[in-house]
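The values are calculated or read from the model by the stated rules, or taken from the named source; none is laboratory data. Remember, it's a predicted structure, so these values are computed and weren't measured experimentally. Virtual Cβ from ideal backbone geometry, glycine too; neighbours counted across all protein chains shown. When the accessible area is computed, the model is the full protein with side chains, heavy atoms only, and any ligands, DNA or RNA have been set aside. Shrake-Rupley method; radii C 1.70, N 1.55, O 1.52, S 1.80 Å.
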Amino acid sequence: MSILVLGVLCPLLASAPGPVRIDMTSMSIDAPTEPVVLGDTEEVVLHLHAEAPDGAPLAGTTPEVTASVGTIAAVDPAGPGRWTVRYRLPPQRHPHVAAITAYMVAERGPVVGFLALPLYGRGTLAVATKPNSKVTLYLGGKSFGPAAADAQGQAQVPIVAPPGPERAVAESVDEAGNQTTKSVALSVPPFNRVSLLAVDKVAAGDGTGLAQVLVFVVDKKGAPLFDAGDVELSADIGAFDERMPGIAPGVFRAIYRPGVVEKTEAHLTAKLASSSVSQAQTQVRVLSGSPANLALDLSRDVFNADDETPIEVRAAFTDRAGRPSDVDAVRLSVDLGRLTDYTRVGPGRVQAHWVLPRNIQRKRANLVARTTTGEELGGAFVKLEAGALARLRFDPPGKVLSDGQHTTALSVRAFDQAGNQVPAEGVRFASEGGEVVGESRDGLIMTAQFVPHRVSQIKNVAVTAKAGPVEARTAVQVLPPPRPVLTAALSLRTDWNYGSVFAAGPEASLLLRVPWVLDEALHVGVNLAYLPSVPLPVEHATGRQDVKFHQAFPFALEVAWRPLVLDDVVLHLGGGAGVTVGDLTVFAPNGIAGRFTYIAPGAHLSLGAAYRLGPGELEAQVRAGYYYAISPIAFGTPTGVSASVGYRLGF
């Protein structure tokens, strides 16, 4: 698969960007506090600082330090944003100036520091005067001497001369005390007062490239010049822009444009028209233009997870003029997998292997070509496909009752050999322990319902899924049909009859679980009790009556819902309707005993909880009921609240 990406996709040079701003304020070079005298020492230490406007140390590359004369022996870190520079003095002994430049690349762009370092010369100046006179020289605000003249009138005065002055003032005093003054030429040779720094080391040779060059100029005393009118620039290839603005004292920025040329090296020259010895040179590499066109060739545009062979990638980069571009100016990157064996195979051409993971999670993988400055040239993509079905996997099935009505869901997923999920096509289910019905495919998953055969005890039944030679097995836990379970509770019941009769006695509750209804939590049964009374006096309208004897037989049909709400806690919500039959003997005020038998229909509600204890349940319930006596009796009807605590046997 071949892809051609045209140069319009690369705006790197098409928009002809202007020069990058050069920071001349964040870096400084500290000069020695004492004058540097040639011959007195071989080396001096300079201190270099780089700080952001807020005072924070400036992060970037180690500065590149150069000197117009002499050599830079070392640049050593001295802390965040600080370095010490060891500068070795030149062998020349006449006074002149060393232009020290420091260059580094920070996050915001190039940063440049500049120091014009005066170099003093030590020598002896011969002064002609009267014999035996005393001679004193005045130079640069300092005096030297006095030195005595010989019999021929020659005085040798030792001096230390700064750069710049061309004459000194000699003051002579003869033996008679007469004083004379004259100007004496120092005969100091001229020195180079210009230096160059190529901020941009390379430039594109496709007609759009440019390089910034800094010109440093000082006067004869080493002070920075503020006018570049004396500076002449030339290049053996291309040309400079006419405008050369000043960006710092003694520093001017020139723009060099190589034009359309082949890959080469351009030599740039700066000189002063007024000084034949003031000349400096630097070099700029002229490369092919920045990559603007991209041709990509991939060995295939579809990657299958079963294929272990990497994809071959071949890329060719050309500039706007159609010439091979520098491959180092382009980076190939992928968002999935990795590129290996990246090799340059010719001018502007590279090849690599694209290794993709076989376990894929998406539909495509992208390859992108970008320049080193971040512009995107173009790219290609590869469609990702899963491999062939290699294995099946069941989702865990649920438990199922073997009553012929309940079913459990079966779901099977299919995967290739790398673990990618593929459509579960052609899957068939089978089981000797039941029937599989309703097979269908839901997206990538094959689903069905399993109806087990009836079992008498819990059993694990094997189910098989098969697609061609690929097979998977799972086990379904099959439960026997639920059986009715009789539970019984014995408890003590208490009852009040309007405060007239307090009754207490044993109570029995028999409940039968109803299968298949309300999650098997519905129970039905009977509730009955025998309640003998404790006789209490009764006030009646006709006079006081005393209860001699009373007993009652409550009987009710019960319905209860008993769900399991926690691991071992059963909730009881129930109620019943029934009748209470009572036997009552009462002494009237006349002393005659009367015996009554009454029937009281009514209903009750029950609320309780049970805690499972192994084979049984410890249970507590509260019942509230109302029973109305059909035949009126003296003390009312047997209605009240009862509480019971019992032990329920069985489940």
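For this structure, a couple of remarks:
- Accessible area per residue for the stretch 14-137, computed on protein heavy atoms with a 1.4 Å probe, is 49 Å².
- Sorting the segments 110-121, 593-604, 378-389 by their mean number of nearby beta carbons within 10 angstrom, highest to lowest, gives 110-121, 378-389, 593-604.
- The fraction of all Cα pairs in the stretch 187-342 landing in successive 5 Å bins from 0 to the largest distance is 2, 8, 15, 14, 11, 10, 8, 7, 6, 5, 4, 3, 2, 2, 1, 0, 0, 0, given as whole percents.
- For the stretch 356-508, the C-alpha radius of gyration sits at 2.00 times the compact-globule guess of 2.2 N^0.38 Å, with N the residue count.
- Taking the charge dipole of the chain about its Cα centre, with +1 at Lys and Arg Cβ atoms and -1 at Asp and Glu Cβ atoms, the residue from His572, Gly625, Pro63 reaching farthest to the positive side is Gly625.
- 25 °C / 0.890 mPa s Stokes-Einstein diffusion coefficient of the stretch 301-399, Kirkwood radius on C-alpha pairs, µm²/s: 157 µm²/s
- C-alpha center-to-center spacing [the stretch 78-119, the stretch 393-444] in angstrom: 79 Å
- Note on the stretch 419-479: with charges restricted to the Cβ of Lys and Arg (+1) and Asp and Glu (-1), its dipole about the Cα centre is near 180 debye.
- Counting protein heavy atoms only, the chain has 55 percent of its accessible area on carbon and sulfur, 1.4 angstrom probe.
- Think of each Lys and Arg Cβ as +1 and each Asp and Glu Cβ as -1; about the Cα centre, that makes the dipole of the chain roughly 680 debye.
- The stretch 351-447 - accessible surface per residue (Å², probe 1.4 Å): 51 Å²
- All C-alpha pair distances within the chain, sorted into 10 Å bins from zero, spread as 3, 10, 10, 10, 8, 7, 6, 7, 7, 7, 7, 6, 5, 3, 2, 1, 0, 0, 0 percent across the bins.
- Packing around the peptides 323-333, 136-146, taken as the average count of other Cβ atoms within 10 Å per residue, puts them in this order, highest first: 323-333, 136-146.
- Average projection, convex hull of the Cα set of the stretch 123-230: 9.7 square nanometres.
- Take every Cα pair under 8 Å whose residues are at least 6 apart in sequence, average their separation, divide by the length of the chain, and the relative contact order is 7 percent.
- Quarter of the Cα convex hull surface for the stretch 373-427, i.e. its orientation-mean projected area (nm²): 7.6 nm²
- Calculated SAXS-style log₁₀ I(q)/I(0) at q = 0.18, 0.27, 0.28, 0.30 Å⁻¹ - the stretch 63-104, Debye, Cα scatterers: -0.54, -0.96, -1.01, -1.10
- Dipole of the chain computed with +1 at Lys/Arg Cβ and -1 at Asp/Glu Cβ about the Cα centre; of Val127, Leu332, Leu46, farthest Cα towards the positive end is Leu332.
- Debye equation applied to the C-alpha atoms of the stretch 185-246, log10 I(q)/I(0) at 0.19, 0.25, 0.30 Å⁻¹: -0.84, -1.21, -1.47
- The stretch 95-169, relative contact order in percent, only Cα pairs under 8 angstrom and at least six apart counted: 32 percent
- DSSP beta bridges in the chain [antiparallel fraction, %, rounded to 5]: 95 percent
- For the stretch 296-343, the solvent-accessible area of protein heavy atoms averages 48 Å² per residue (probe radius 1.4 Å; ligands and nucleic acids excluded).
- Given charges at beta-carbon only (K, R positive; D, E negative), |dipole| of the stretch 320-374 in Debye: 240 debye
- As a ratio to 2.2 N^0.38 Å, the alpha-carbon radius of gyration computed for the stretch 240-281 takes the value 1.41.
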